[in-house]
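Right, one structure below, let's go through it.
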Amino acid sequence: MSIQNTPPLQTNRLTLRKFTQSDLPALLNIHSDKEVNKFLPMFPLKTHTDAKTYWENQYAAAYKQKQAYQYAICLKEDNIPIAT
């Protein structure tokens, strides 16, 4: 059996997939909300540069590994990440 890094998954309503650089605005939106990030061990992101650095360290690095699971959770209707 071949192990795939973050294989895409789908439900009736959602798509779970890898984050891409084109998702940086959505990633910033998700991680800049102070209330959403209240219990996370990090500070909310404030800029596009913060989002890009976070994407590079958290997602792009994980996608280079043999096995990892770092999902963008998207509504099927627009494929824009709404959560991680």
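Are any residues in segment 1-16 open to solvent by 100 Å² or more (accessible area, probe 1.4 Å), under 23 Å from Asp78 (Cβ atoms), part of a loop (DSSP other than H, G, I, E, B) and not charged (D, E, K, R), and if so, which ones?
Correct list: Asn12 only.
Name the one entry in Leu45, Leu28 that is touching a His at 6+ places or on another chain (Cβ under 8 Å), over 13 Å from Pro81 (Cβ atoms) and among the aliphatic types (A, V, I, L, M).
The conditions single out Leu45.
Looking at segment 63-84, which of the residues that are farther than 15 Å from Pro8 by Cβ and assigned to a strand (DSSP E or B) is least open to solvent (accessible area, probe 1.4 Å)?
Going through the qualifying residues, I end up with Ala83.
Is it true that Lys52 is part of a helix (DSSP H, G or I) and modelled with pLDDT of 90 or more?
Answer is yes for this residue.
For segment 52-71, give me the residue count where each residue is hydroxyl-bearing (Ser, Thr, Tyr) and more than 17 Å from Pro41 (Cα to Cα).
Final tally of qualifying residues: 3.
For segment 18-62, which positions are within 14 Å of Cys74 (Cα to Cα), touching a strand residue (DSSP E or B) at 6+ places or on another chain (Cβ under 9 Å) and either open to solvent by less than 40 Å² (accessible area, probe 1.4 Å) or aromatic (Phe, Trp, Tyr) (or both)?
Passing the criteria: Phe19, Asp23, Ala26, Leu27, Ile30.
Just one of Phe19, Phe43, Phe39 is in contact with a helix residue (DSSP H, G or I) (Cβ under 8 Å, 6 or more places away or on another chain), part of a loop (DSSP other than H, G, I, E, B) and aromatic (Phe, Trp, Tyr); which is it?
That would be Phe19, the only listed residue that is in contact with a helix residue (DSSP H, G or I) (Cβ under 8 Å, 6 or more places away or on another chain), part of a loop (DSSP other than H, G, I, E, B) and aromatic (Phe, Trp, Tyr).
The values are calculated or read from the model by the stated rules, or taken from the named source; none is laboratory data. What you see is a predicted model, and the numbers here were worked out from it, not measured in a lab. Every residue, glycine among them, receives a Cβ derived from its backbone with ideal geometry; neighbour counts consider all protein chains shown. Heads up: the accessible areas ignore ligands, DNA and RNA and are worked out on the full protein's heavy atoms, side chains in. Shrake-Rupley method; radii C 1.70, N 1.55, O 1.52, S 1.80 Å.
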